[in-house]
Amino acid sequence: MKTVSRIDLLRKSIGQARSAGKSIGFVPTMGFLHDGHYSLIDRARRDNGLVVVSIFVNPMQFGPSEDLAAYPRNLPGDSSGCMKHGTDLLFLPQEDAVYPKGFSTSVEVSGISETLCGKSRPGHFRGVATVVLKLFNLVQPDRAYFGLKDFQQFLVISRMVRDLDLNLEVIGCPTVREPDGLARSSRNVYLTPEQRRESCRISKALFQARDDVKKGEAQAINIKAMIEKHITLIPDSRIDYISICDADSLEELEKIDRRAVVLVACHVGKARLIDNILLNP
Ligand code: PAF
């Protein structure tokens, strides 16, 4: 595995792989890698000749009151994990390479960026779309891999790629869960042992939602009430949203009469956790 920080060296390595006829698979990350990220790298490894992983904690997607400085980091662990999972090129750009002095461009994917997490975290998806477009431009991947735990992020990036005719495929990969069902997230480290134990109520409620819909429940209001009941049992929890939406447009649904997704965001102690599950009526 080669590790590069400089953009010219990244471009050189990628150019060589392209000349050798290799397809390029790309996994952008903010580091502190876990099995969710490694599942993306494994998939990229299976699909491509060259696998590029980036680690960059992107300041533009954090709000002023969010956890940028405290965001967990573990470069030695990430680097050895990337190597184990068959990464060819690890890209670790410096902040001033991504955002040189005077940087003044941003990408706004309107509509689907503005609901759910976009409402609670204004500017978040602008930061995500801007850095992802920049990274796509540097890496020029054939395929890029994102976890479906960040369902709204996946839709925002897919929409950007479609709208701007970027020549790559965006691939959403299933959420990786702990044995008790909690979605893997870098932010789970913020949970106390008790909060961690009780946080599995989020996924349990989502699984129950999927089962209830399979059995014929079609009223979003009933499903949301059931989920709320489960989540309020978690100590130190505060619900940000529970939402049932059309799985393509994120339009809020009252009746679950099409491919839908139930999305949850809640604060548990110091952590803000998100999760979702697809509902097929
Ligand atoms: O999902 C993440 O880790 C980040 O939002 C991403 C896509 C790497 C952009 O910074």
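Readers should treat all values here as calculations from the given coordinates under stated rules, not as data from a laboratory. Computed from a predicted model, the values in this text were never measured in an experiment. Cβ atoms come from the backbone with ideal geometry, glycine included; neighbour counts cover every protein chain shown.
Return the residue satisfying two criteria in turn: it lies in segment 177-225 and is polar (S, T, N, Q) and within 23 Å of TYR38 (Cβ to Cβ), and of such residues it is surrounded by the fewest Cβ atoms within 10 Å (Cβ to Cβ). Walk me through how you get there before you give the answer.
Our first condition is that a residue be polar (S, T, N, Q); within segment 177-225, this holds for 185-186, 188, 192, 195, 199, 203, 208, 219, 222.
Filter once more, so that each one left must be within 23 Å of TYR38 (Cβ to Cβ): 185-186, 188, 199, 203.
Working: SER185: 24, SER186: 20, ASN188: 18, SER199: 28, SER203: 22.
For segment 177-225, the residue satisfying everything is ASN188.
Every residue in segment 18-44 that is more than 30 Å from LYS270 (Cα to Cα) and either within 16 Å of the ligand (Cβ to nearest atom) or surrounded by fewer than 18 Cβ atoms within 10 Å (Cβ to Cβ) (or both), please.
To start, the set of residues in segment 18-44 that are more than 30 Å from LYS270 (Cα to Cα) comprises 18-26, 42-44.
Result: ARG18, SER19, ALA20, GLY21, LYS22, SER23, GLY25, PHE26, ASP42, ARG43, ALA44.
Check segment 153-167 and report whether any residue there is surrounded by fewer than 17 Cβ atoms within 10 Å (Cβ to Cβ) and in contact with a strand residue (DSSP E or B) (Cβ under 8 Å, 6 or more places away or on another chain). Give the derivation first.
Going residue by residue through segment 153-167, those that are surrounded by fewer than 17 Cβ atoms within 10 Å (Cβ to Cβ) are 162-165, 167.
With the extra rule that they be in contact with a strand residue (DSSP E or B) (Cβ under 8 Å, 6 or more places away or on another chain), the set shrinks to none.
No: zero hits.
Would you point out which residue out of GLY63, GLY127, GLY77, GLY147 is exposed (fewer than 15 other Cβ atoms within 10 Å of the Cβ) and touching a residue at least 60 places away in the same chain (Cβ under 8 Å)?
GLY63
Mind listing just one residue for me: the one in segment 1-17 that is touching a strand residue (DSSP E or B) at 6+ places or on another chain (Cβ under 6 Å) and part of a helix (DSSP H, G or I) and, of those, surrounded by the fewest Cβ atoms within 10 Å (Cβ to Cβ)?
Within segment 1-17, the match that is surrounded by the fewest Cβ atoms within 10 Å (Cβ to Cβ) is SER13.
Against the condition within 15 Å of the ligand (Cβ to nearest atom) and assigned to a strand (DSSP E or B), how does VAL57 come out, does it pass? Quick ask: steps written out before the conclusion?
Values: within 15 Å of the ligand (Cβ to nearest atom): yes; assigned to a strand (DSSP E or B): no.
Here the answer is no, as VAL57 does not meet what is asked.
Would you check which residues across segment 202-249 are within 16 Å of ARG272 (Cβ to Cβ) and not small (Gly, Ala, Ser) and list them?
Answer for segment 202-249, where residues must be within 16 Å of ARG272 (Cβ to Cβ) and not small (Gly, Ala, Ser): ILE202, ILE231, ILE234, PRO235, ASP236, ARG238, ILE239, ASP240, TYR241, ILE242.
Working only within segment 148-172, note down all residues that are of a type in the set (A, V, I, L, M) and closer than 13 Å to ALA129 by Cβ. Walk me through it before giving the result.
Step one: of segment 148-172, the residues of a type in the set (A, V, I, L, M) are 148, 155-157, 160-161, 164, 166, 168, 170-171.
LEU155, VAL156, ILE157, MET160, VAL161, LEU164, LEU166, VAL170 - these are the residues of segment 148-172 that are of a type in the set (A, V, I, L, M) and closer than 13 Å to ALA129 by Cβ.
Would you point out which residue out of GLU95, GLU108 is within 22 Å of TYR241 (Cβ to Cβ), surrounded by fewer than 19 Cβ atoms within 10 Å (Cβ to Cβ), within 16 Å of the ligand (Cβ to nearest atom) and more than 17 Å from the chain's Cα centre (by Cα)?
Details: GLU95 fails: within 22 Å of TYR241 (Cβ to Cβ).
None of the other options fit; the residue is GLU108.
Which one of the conditions (1) farther than 21 Å from PHE91 by Cα; (2) touching a residue at least 24 places away in the same chain (Cβ under 8 Å) does GLU108 fail to meet, given that it meets all the rest?
Among (1) farther than 21 Å from PHE91 by Cα; (2) touching a residue at least 24 places away in the same chain (Cβ under 8 Å), the lone unmet condition for GLU108 is (2).
Consider GLU228 against the criteria (1) part of a helix (DSSP H, G or I); (2) crowded, with 18+ Cβ neighbours inside 10 Å; (3) acidic (Asp, Glu): it satisfies all of them except one. Which criterion is unmet?
Among (1) part of a helix (DSSP H, G or I); (2) crowded, with 18+ Cβ neighbours inside 10 Å; (3) acidic (Asp, Glu), the lone unmet condition for GLU228 is (2).
Tell me whether segment 188-198 contains one or more residues that are more than 25 Å from ARG238 (Cα to Cα) and not basic (Lys, Arg).
Taking segment 188-198 and keeping what is more than 25 Å from ARG238 (Cα to Cα), we get none.
No, the conditions are met nowhere in segment 188-198.
Of everything in segment 231-253, what is over 22 Å from LEU155 (Cβ atoms) and not in a strand (DSSP E or B)? Give them in sequence order.
Of the residues in segment 231-253, the ones over 22 Å from LEU155 (Cβ atoms) are 231-238.
Scanning segment 231-253 gives ILE231, THR232, LEU233, ILE234, PRO235, ASP236.
Do we find that VAL53 is surrounded by 19 or more Cβ atoms within 10 Å (Cβ to Cβ) and under 22 Å from GLU95 (Cα atoms) in this structure?
Values: surrounded by 19 or more Cβ atoms within 10 Å (Cβ to Cβ): yes; under 22 Å from GLU95 (Cα atoms): yes.
Considered against the rule, which asks whether it is surrounded by 19 or more Cβ atoms within 10 Å (Cβ to Cβ) and under 22 Å from GLU95 (Cα atoms), VAL53 comes out as yes.
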